[in-house]
């Protein structure tokens, strides 16, 4: 039996955002076929079919007796150590880190100084992944084109690689996010008739994930304010304002959303914010109460490459969607008639779409039926199948012998060191570097 380690940088446990959920569910599916160890921060999920370990328990590459590691990112020492030990590494590129980092930092104002160093860190670590990875996964065909272009620019699309697999699926495969069809077994209310200001009879718009700098909650809030002029039963709830990982700080767009709702006199009456993060085991109840799932963004390259993972929870709950045009989920919504798609920044379009779905039972039922029909195509078992096949192909392939990529590791280490010196000082940085180097070199 193949031995596979899934390495998550996001917490896996009671509170989980998209990456943590992805690694928990993929690990559970892969465990039907492989011996799986999930390495992640957090306390883990009870009764899981895989072995759970904390990252602190892996001091060196030799501490994981596996054939393959699947990870979004790895510490440099471990990445080098796995490579030297012949362990294959599949990098998970489903979150386009370079674009998200640019969007986040651009939203925080001046991009010089420490912010530019932070972006250089993302660039350096992405370059290491692209050069050292044996194979890669992403979430959509658009993302696959993006990463194939990046790999081509780094010389990874050689004639030998092309001759062996002209479609290059052995190099970059699509492994989307999945969903679990909601059981609707929970009967206790969580929002309607429970949260002050939201009545049992109200129509609830649910923003199911976080509010990051690349989103556009402001257009949606303005649309809800407009709807409030003609109907008093439309309420908008942002379900998560604080990321469960302490490594992800608050973003300025979240503050701007709260400020705008207050300025328009909507906070607490039409627009509501959950300041924390809903536990993973309880999320189904919240999505089950929503009348519409909503997500909005501006016209950016981030949107083109995005795969809005939280929208799948709405699909699992058979909830129609109103979303901004531009990402692959919006394409699915429009093609299947699963709700309405609105142009970026179009307040009038949002008002019309929301009013149409909430004001016409026939239109709403048609959209809901379309959502139900799409659910079976988006399950976790289907999402994980290409990854299982890729793992088999990677293990069976000859190991890559190119040792010229050590320079990329050195450049990345220098970039991280520069950033660390600014945050922690010289001595602490030297000590951390020594630990990282030894972890990669110990056998």
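The values are calculated or read from the model by the stated rules, or taken from the named source; none is laboratory data. Quick caveat, the model's predicted, so the values are computed rather than measured. No Cβ is skipped: glycine too gets one built from the backbone with ideal geometry, and neighbour counts run over all protein chains shown.
Every test in (1) at pLDDT below 95; (2) touching a helix residue (DSSP H, G or I) at 6+ places or on another chain (Cβ under 6 Å) is passed by residue 18 save one, and that test is (2).
Residue by residue, here is whether (1) over 22 Å from residue 332 (Cβ atoms); (2) at pLDDT 65 or above; (3) assigned to a helix (DSSP H, G or I) holds:
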residue: 363; (1), (2), (3): no, yes, yes
residue: 409; (1), (2), (3): yes, yes, yes
residue: 414; (1), (2), (3): yes, yes, yes
residue: 420; (1), (2), (3): yes, no, yes
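Condition check for residue 160 on (1) at pLDDT below 95; (2) surrounded by 14 or more Cβ atoms within 10 Å (Cβ to Cβ); (3) in a helix (DSSP H, G or I): one failure, at (2). Filtered by the rule that a residue be in a loop (DSSP other than H, G, I, E, B) and over 28 Å from residue 106 (Cα atoms), segment 199-236 gives 199, 200, 201, 202, 228, 229, 230, 231, 232, 233.
Only residues that are out of contact with any helix residue (DSSP H, G or I) (no Cβ under 6 Å at 6 or more places or on another chain) and within 14 Å of residue 367 (Cα to Cα) were counted in segment 317-343, giving 6. Exactly one residue among 304, 310 is within 21 Å of residue 240 (Cβ to Cβ), touching a residue at least 60 places away in the same chain (Cβ under 8 Å) and under 22 Å from the mean Cα position of the chain (by Cα), and that residue is 310. Check segment 291-310 and report whether any residue there is farther than 23 Å from residue 343 by Cα and either crowded, with 24+ Cβ neighbours inside 10 Å or at pLDDT 95 or above (or both). No, segment 291-310 has no match at all. Among the conditions (1) outside the structural domain of residue 215 (by TED's automatic domain parsing); (2) in a helix (DSSP H, G or I); (3) over 22 Å from the mean Cα position of the chain (by Cα), the only one that residue 399 does not satisfy is (2). All told, residue 367 falls short of being surrounded by 17 or more Cβ atoms within 10 Å (Cβ to Cβ) and under 17 Å from the mean Cα position of the chain (by Cα).
When the test is whether a residue is loosely packed, with under 15 Cβ neighbours inside 10 Å and assigned by TED's automatic domain parsing to the domain that holds residue 299, residue 349 does not pass it. Only a single criterion out of (1) assigned to a helix (DSSP H, G or I); (2) modelled with pLDDT of 95 or more; (3) in contact with a strand residue (DSSP E or B) (Cβ under 8 Å, 6 or more places away or on another chain) is not satisfied by residue 191, namely (1). If the condition is being in contact with a strand residue (DSSP E or B) (Cβ under 6 Å, 6 or more places away or on another chain), closer than 26 Å to residue 327 by Cα and free of Cβ contacts under 8 Å to residues at least 40 places away in the same chain, then segment 194-242 contributes 235, 238, 241. Scanning segment 31-41 for residues that are closer than 24 Å to residue 81 by Cα and buried (at least 17 other Cβ atoms within 10 Å of the Cβ) yields a total of 7. At least 3 residues being within 16 Å of residue 8 (Cβ to Cβ) and in contact (Cβ under 8 Å) with a residue 24 or more places away in the chain is the threshold, and among the strands (runs of 3 or more DSSP E) wholly inside segment 44-145 those reaching it are 68-71, 88-92. Does residue 278 satisfy the condition of being under 13 Å from residue 207 (Cβ atoms) and either out of contact with any strand residue (DSSP E or B) (no Cβ under 8 Å at 6 or more places or on another chain) or in a loop (DSSP other than H, G, I, E, B) (or both)? Criteria met by residue 278.
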